Amino acid sequence: MDDIGSRADALEASARMAECRLLSGDDSGALDLAERCLARAQDLGGVASQIPLIHRGRGTALARLGQSEAAIDAWRLSLQAARSRGAEYEVALTERAAADAALSLQPPAVAARSRS
């Protein structure tokens with residue numbers, strides 16, 4: 001799609017592929033693809049609508065890979081981008097991803113009480 005001038009559509013497809021990799025447990029692959037998506041998004045200029053999704057996926061992959069500080073930074077960027085676009089659903093998805101990751105880092109008994 002890039003070669004026919006549909007860079008935004010190509011970015012959307014790549015961002016969704018990164019999300020699919022994340023959902024299938026390929027955290028390293030998801031992180032790599034998300035990083036490439038960010039580079040593409042910068043070429044588009046402005047705040048592309050996919051930025052919250054890309055940073056959210058990066059945050060989740062980083063958290064799963066044990067890089068909690070970098071994960072927090074990625075989620076922070078996701079929230080910032082979503083809020084700047086008025087995308088409240090994206091804000092909610094990012095807050096949920098961060099909360100789920102935080103719960104998974106807790107001991108099982110604490111996590112069970114937190115969910116109830």
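The values are calculated or read from the model by the stated rules, or taken from the named source; none is laboratory data. This one's a predicted model, so the numbers in the text were calculated from it and none came from an experiment. FYI the Cβ positions are ideal-geometry reconstructions off the backbone, even for glycines, and counts take in every protein chain you see.
Any chance you could count how many residues in segment 62-86 are among the aliphatic types (A, V, I, L, M) and under 11 Å from Pro52 (Cβ atoms)?
Total meeting the criteria: 5.
Taken over segment 31-49, residues that are outside any helix (DSSP H, G or I) and farther than 19 Å from Ala97 by Cα amount to 4. Output yes when any residue across segment 52-61 is of a type in the set (Lys, Arg) and touching a residue at least 40 places away in the same chain (Cβ under 8 Å), and no when none is. Yes, there is a match, as at least one residue in segment 52-61 is of a type in the set (Lys, Arg) and touching a residue at least 40 places away in the same chain (Cβ under 8 Å).
Tell me, please, whether a residue that is closer than 23 Å to Ala101 by Cα, modelled with pLDDT under 95 and surrounded by fewer than 19 Cβ atoms within 10 Å (Cβ to Cβ) can be found in segment 3-12. Taking every residue of segment 3-12 in turn, none turns out to be closer than 23 Å to Ala101 by Cα, modelled with pLDDT under 95 and surrounded by fewer than 19 Cβ atoms within 10 Å (Cβ to Cβ).
Filter segment 32-83 for residues that are of a type in the set (S, T, N, Q) and either crowded, with 23+ Cβ neighbours inside 10 Å or modelled with pLDDT under 95 (or both) and give the result. Scanning segment 32-83 gives Gln42, Ser49, Gln50, Thr60, Gln67, Ser68, Ser78.
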